[in-house]
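The structure appears below as structure tokens.
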Amino acid sequence: MILSRRTFGALVGFLLLFLLVLVAGLAVYMGSQNARFQETADNLSPSERESLYQTHYLLGKNHYESADPGGALTEYGAMIELFPNRPEPYALRAAIENGLEHSTYAVADDTKALDHMSSCVTGCGPAATAAILSDRAKANVRMGKFDLALADANKALKLAPDAPGAHLARGSAEAETNPRAAIADINWATAHNEGWPEWNGYRRSFAEAKLGEFTAAANDAEPLIAYPQGHPEFYAFCAWYEFKAGRLSQAINHGQIAVRLGGGGAVAFFNLGLFYAVAGDETNAHNIYSAALIAPGAADALPTARNNIADQLKLHPNNPLLHKSLEWISKS
């Protein structure tokens, strides 16, 4: 059967109207359910409220152990609805958010947990406060707020000197400002089964690179990019460490992936152009440098790119392609 244009238009209009009504109905239903939950919670006796709170905790724990973070977040949110002044559900929810890399939400919930520690019921004391501070520090490390992370990690270590999470957070926060101490902290945390070995190694690689230990940095960075969920910027950092360690073919390979996935911005383009230049591949070097000059952040990355070429000219003074590369990017 072939529909006329008018009939087809009417059918589409009907379907759109149906979808709008359905969405509106769902919104009203969800609002009524939330209001009903709040009304029910308000009418509970203290013992009933406590029992429901524990039920949500157990359900959240089951969701978490079943690799269902969304379900866990829902249950912990219900716990907060029942007892908004208790720190425990905020801390539980923050830990899930941190695992999902929802760092802003994690910091907000950890802060609420710390604000409500005077109302703590279970798992209270210095160790619990240290754990929340460590969790907030990890979230701030992920957002690049290293000063805030370091302050929280130091507070946590004063409360619980042997807390592995605090050692990991402190090591991650000061990887580039106090690299030797950072390596010691990260190693200590890893030895005590804190964190994820591949991620710990990646954070340690920053400290190793700061010390000029690029072979160690490359060795620590490479395992993390073997995972499908690896971030594009992991490839960019790993490629640079490999290049500095003399692993040129690996650096080119991972540099290509970083550029293709958009990791590292203009820096990744400039670095890959340098890799090609050192390898003597003029066509690819010129093409990548041309792309680097119009990539986001090119103006900020350009001075370092020039310095990197100059450093390589000291090592390879007779490489004509390095001289050409400097000319290409100096015309911008």
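Here the stretch 273-332 is the region considered, the condition is being buried (at least 16 other Cβ atoms within 10 Å of the Cβ) and polar (S, T, N, Q), and the residue that is farthest from A239 (Cα to Cα) is N319. Need pairs with beta-carbon distance below 6 Å; first residue touching a residue at least 12 places away in the same chain (Cβ under 8 Å) and within the stretch 126-152, second hydroxyl-bearing (S, T, Y); sequence gap 6+ or separate chains. Every condition considered, the pairs that remain are A139/S103; V141/S172; R142/S103; M143/S103.
Kindly indicate which of P89, P84 is crowded, with 22+ Cβ neighbours inside 10 Å and farther than 17 Å from A156 by Cα. Show your work before the answer.
Values: P84 fails: crowded, with 22+ Cβ neighbours inside 10 Å.
Of the residues listed, the single one that is crowded, with 22+ Cβ neighbours inside 10 Å and farther than 17 Å from A156 by Cα is P89.
Would you point out which residue out of A251, A221, A191 is aliphatic (A, V, I, L, M) and in contact with a Ser or Thr (Cβ under 9 Å, 6 or more places away or on another chain)? So that I can check it myself, show each step before the final result.
Numbers: A251 fails: in contact with a Ser or Thr (Cβ under 9 Å, 6 or more places away or on another chain); A191 fails: in contact with a Ser or Thr (Cβ under 9 Å, 6 or more places away or on another chain).
Exactly one of A251, A221, A191 is aliphatic (A, V, I, L, M) and in contact with a Ser or Thr (Cβ under 9 Å, 6 or more places away or on another chain), namely A221.
Read the figures in this text as sums done on the coordinates, not as results from a lab. Predicted, not measured: the structure shown is a model, and the values here were computed from it. Every residue, glycine as well, gets a Cβ built from its backbone with ideal geometry; the counts of neighbours run over all protein chains shown.
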